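Values in this text are rule-based calculations from the coordinates and carry no lab data. Keep in mind the model is a prediction, meaning the values are calculated, not measured. Don't worry about glycine lacking a Cβ; one is built from the backbone with ideal geometry, like all the others, and counts go over all protein chains shown.
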């Protein structure tokens, strides 16, 4: 891709700030609003924040790892950034749109790039009715929670909850229970990317549940719908030798 100007944003970690100083001394940078590409320095959490912050700008984001895991990040090197950006591979992603409703009919929406998760708020397990495209699939799921994950989010909370890793181009979402008590044998489901998931809270006053879209939390929900928003596009850039599809594939063979 043709890159003439790029901006750099960095997390507050010492490693990221040191990398920012090093890049600033080598290149003439611009503001994110005027850049062709935004370079993010940090870990996966900071990359997620950067994607949300510039969601409406339509700018490709190229991450360099100055955090811990760095699954969504490229290797950090201060030299040759313009050359790397010129040959970087683009991955186009779409977020999930979460719509919540409380017992009084109040509605709230939020976008999730990784996952939408429902979590119990008290010591008692949650009871959740799970429907897909208007058909009840699990009449009563007794659990700590349940989540819907995108392919990029499938290696995050979803994997920790023993959900499947999803290849990027598979057009699939993961529906994964969190510490399910009943039905014991249900381990979740793989859904088409255009599925609409409805999660209704049973006994919501006695067993309150919160809903979280990445890091936007709504408490005491009565029902939650989750579906992919194809109108919102997120562009991530990766070095050719270490693209996102290859990372997701490698993760499935990592001990």
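Some observations on this one:
- Between 0 and 90°, nearest 10: helix 44-53 axis offset from the chain longest Cα axis: 90 degrees
- Listing 57, 52, 193 from fewest to most neighbouring C-beta atoms within 10 Å gives 57, 193, 52.
- Note on the stretch 136-170 and the stretch 172-221: Cα centroid distance 9 Å, given to the nearest whole angstrom.
- Structural size metrics of the stretch 96-228, computed from C-alpha coordinates, are Rg and Dmax of 13.3, 41 Å.
- Principal-axis tilt of helix 14-26 within the chain, Cα atoms, nearest 10 degrees: 40 degrees
- Proxy reagent accessibility, fewest Cβ within 10 Å first, across 157, 62, 104, 215: 104, 215, 157, 62
- Bridge type composition, the chain - antiparallel percent by DSSP, nearest 5: 80 percent
- Net length gained if the chain between residue 2 and residue 249 were fully extended (0.36 nm per residue, minus Cα distance): 86.1 nm
- Residue separation of residue 69 and residue 171 scaled by 0.36 nm, minus their Cα-Cα distance, works out to 34.2 nm of gained length.
- Relative contact order (percent, whole number), the stretch 13-150, Cα cutoff 8 Å, 6+ residue spacing: 16 percent
- The chain - convex hull of alpha carbons, volume per residue in Å³: 136 Å³
- Three-way shape label, the stretch 36-83, alpha-carbon gyration tensor, a/c 1.5: oblate
- Listing 173, 93 from fewest to most neighbouring C-beta atoms within 10 Å gives 93, 173.
- Remark on the stretch 1-121: ratio of C-alpha radius of gyration to 2.2 N^0.38 Å is 1.23.
- In terms of its C-alpha gyration tensor, the stretch 97-138 has a rounded overall shape, because the principal axis ratio a/c (a ≥ b ≥ c, square roots of the eigenvalues) stays below 1.5.
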